[in-house]
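Written out below as structure tokens is the structure these notes cover.
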Amino acid sequence: MAKVNVRFFGVMRADSGMGNAEIDAACVGNMLDKINGLLEGKLSLTFADALIYINGVRCKSKKARLKDGDEVLFISPATVSAE
């Protein structure tokens, strides 16, 4: 398990009601499960719901391993409409 700092931005922050959280997790999927537990049913986050960055690098797998001190960012994806 690693202790990581999680930060939420945009709609993710507004919908979850969370700005920052410190989570103990082994991988991104495990971290999502723990975050959903903290949200107590208000919202359910999946890997596909956000752009996730670990220490500034885009995370492409929920199996990505976490290390102590990692900073994980959840950013709401922008919706672009074609006109």
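The values are calculated or read from the model by the stated rules, or taken from the named source; none is laboratory data. Being a predicted model, the structure only gives us computed values, none of them experimental. Glycine also receives a Cβ, built like all others from the backbone with ideal geometry; neighbour counts cover every protein chain displayed. Heads up: the accessible areas ignore ligands, DNA and RNA and are worked out on the full protein's heavy atoms, side chains in. Shrake-Rupley method; radii C 1.70, N 1.55, O 1.52, S 1.80 Å.
Mind checking whether some residue in the range 33-42 is surrounded by 13 or more Cβ atoms within 10 Å (Cβ to Cβ), more than 10 Å from Phe74 (Cα to Cα) and in contact with a Lys or Arg (Cβ under 8 Å, 6 or more places away or on another chain)?
No: zero hits.
Taking the range 56-83, which residues are surrounded by fewer than 15 Cβ atoms within 10 Å (Cβ to Cβ), in contact with a strand residue (DSSP E or B) (Cβ under 6 Å, 6 or more places away or on another chain) and modelled with pLDDT of 90 or more?
If the condition is that a residue be surrounded by fewer than 15 Cβ atoms within 10 Å (Cβ to Cβ), in contact with a strand residue (DSSP E or B) (Cβ under 6 Å, 6 or more places away or on another chain) and modelled with pLDDT of 90 or more, then Lys63, Arg65, Lys67, Asp68, Glu71 are the ones that fit.
Being open to solvent by less than 30 Å² (accessible area, probe 1.4 Å) and part of a helix (DSSP H, G or I): is that true of Gly29 here? Break it down stepwise before answering.
Values: open to solvent by less than 30 Å² (accessible area, probe 1.4 Å): yes; part of a helix (DSSP H, G or I): yes.
Judged against the criteria, Gly29 is a match.
Within the range 1-31, can you find the residues that are among the charged types (D, E, K, R) and more than 13 Å from Leu45 (Cα to Cα)?
Passing the criteria: Lys3, Arg7, Glu22, Asp24.
Is there any pair linking a residue in the range 51-72 that is over 9 Å from Cys27 (Cβ atoms) to one that is open to solvent by less than 30 Å² (accessible area, probe 1.4 Å) and not hydrophobic (A, V, I, L, M, F, W, C), with Cβ under 7 Å and at least six apart or on different chains, and which?
Ile54/Asp70; Asn55/Asp70
Anything in the range 20-46 that is among the acidic types (Asp, Glu) and in contact (Cβ under 8 Å) with a residue 12 or more places away in the chain? List them, or say none.
Restricting attention to the range 20-46, the residues satisfying the condition of being among the acidic types (Asp, Glu) are 22, 24, 33, 40.
Correct list: Glu22, Asp24.
For residues that are modelled with pLDDT under 90, of a type in the set (Gly, Ala, Ser) and surrounded by fewer than 16 Cβ atoms within 10 Å (Cβ to Cβ), tally how many sit in the range 4-23.
Result for the range 4-23: 3.
Considering the range 37-51 alone, what residues qualify as being over 10 Å from the mean Cα position of the chain (by Cα) and within 16 Å of Ala14 (Cα to Cα)?
Within the range 37-51, Leu38, Leu39, Glu40, Gly41, Lys42, Leu43, Ser44 meet the criteria.
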